[in-house]
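Scroll down for the structure; my scribbles are underneath it.
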Amino acid sequence: MDRLRELLNSIKEGGTSVEEGLAKLRDLPYADVGHTKFDLHRELRNGFPEVIYAENKTPEQVGDIFCGLKDKCNVLATRVSAETAEYVMKTCPGAEYNKLGRTLSFIKDAIHYKEGEIRIITAGTSDLPVAEEALVTCRMFGCRAELISDVGVAGIHRLFDKLEDIRKARVIIVTAGMEGALAGVVGGLVSQPVIAVPTSVGYGAAFGGISALLGMLTSCAGGITVVNIDNGFGAACAAMRIINSTQG
């Protein structure tokens, strides 16, 4: 969005000719790299850009997308394997890999941060990969976010110690596996929007996150939003919609 605004102002002020502007606008709807057509107008429509979902893509495909975009905009990919990350970082110097969250990012333009902070809470250390995915996504989308780890209901006094800081946030993301109870507990203690992320952490009867998902959906704390299992990215997008709606 900033790039488009700069281009339009440059045309208005005479720094860029109309013909030059048209040439640049041709590439704006989407970047076509053959196997992938990457949406460059998504931020104009819904407030945050398209992100590369790297799972089931080859390292070469992800590398093609990165190389095709790195001169146009900031780039974020999720669910990136170590093999793919290694390949892309060789072909696209400057890309940074978050091994825990499995995200790969490239920052071309300075990130302008919006008003309002996000707190991302995990029930346990095992939930950190999902929380890290949410954390990187929030920051790449221009929102200040902080992580509070290992404050689950098995030691709920740890949560109470952090409540003052948690209540400073405009939006709260809660990641939890097992029975997913932490989301309901937090929802009963704060007035801010709470986005719950069930994780696939837990023994057999956790059913790969389904128990946490059902627990969050049936929470007695009203108004909790629940996203898909292990979907830290989706939680960050939901949080950003809330943040964007409060901007002046």
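The values are calculated or read from the model by the stated rules, or taken from the named source; none is laboratory data. Computed from a prediction, not measured in an experiment: that's the story for all the values here. Neighbour counts are summed over all protein chains in view; Cβ atoms, including those assigned to glycine, are modelled from backbone coordinates with ideal geometry. Heads up: the accessible areas ignore ligands, DNA and RNA and are worked out on the full protein's heavy atoms, side chains in. Shrake-Rupley method; radii C 1.70, N 1.55, O 1.52, S 1.80 Å.
Of the residues in segment 217-248, how many are within 20 Å of residue 147 (Cα to Cα) and in contact (Cβ under 8 Å) with a residue 40 or more places away in the chain?
Residues in segment 217-248 being within 20 Å of residue 147 (Cα to Cα) and in contact (Cβ under 8 Å) with a residue 40 or more places away in the chain: 15 in total.
What tally of residues in segment 203-237 results from selecting those that are open to solvent by less than 30 Å² (accessible area, probe 1.4 Å) and either in contact with a His (Cβ under 8 Å, 6 or more places away or on another chain) or aliphatic (A, V, I, L, M) (or both)?
Count: 7.
Has segment 57-80 got at least one residue that is out of contact with any Phe, Trp or Tyr (no Cβ under 7 Å at 6 or more places or on another chain), under 28 Å from residue 202 (Cβ atoms) and open to solvent by 60 Å² or more (accessible area, probe 1.4 Å)?
no
Could you say which residue among 164, 146, 179 is in contact with a helix residue (DSSP H, G or I) (Cβ under 9 Å, 6 or more places away or on another chain), open to solvent by 10 Å² or more (accessible area, probe 1.4 Å), acidic (Asp, Glu) and more than 16 Å from residue 123 (Cβ to Cβ)? Steps first, answer last, please.
Values: 164 fails: in contact with a helix residue (DSSP H, G or I) (Cβ under 9 Å, 6 or more places away or on another chain); 179 fails: more than 16 Å from residue 123 (Cβ to Cβ).
Of the residues listed, the single one that is in contact with a helix residue (DSSP H, G or I) (Cβ under 9 Å, 6 or more places away or on another chain), open to solvent by 10 Å² or more (accessible area, probe 1.4 Å), acidic (Asp, Glu) and more than 16 Å from residue 123 (Cβ to Cβ) is 146.
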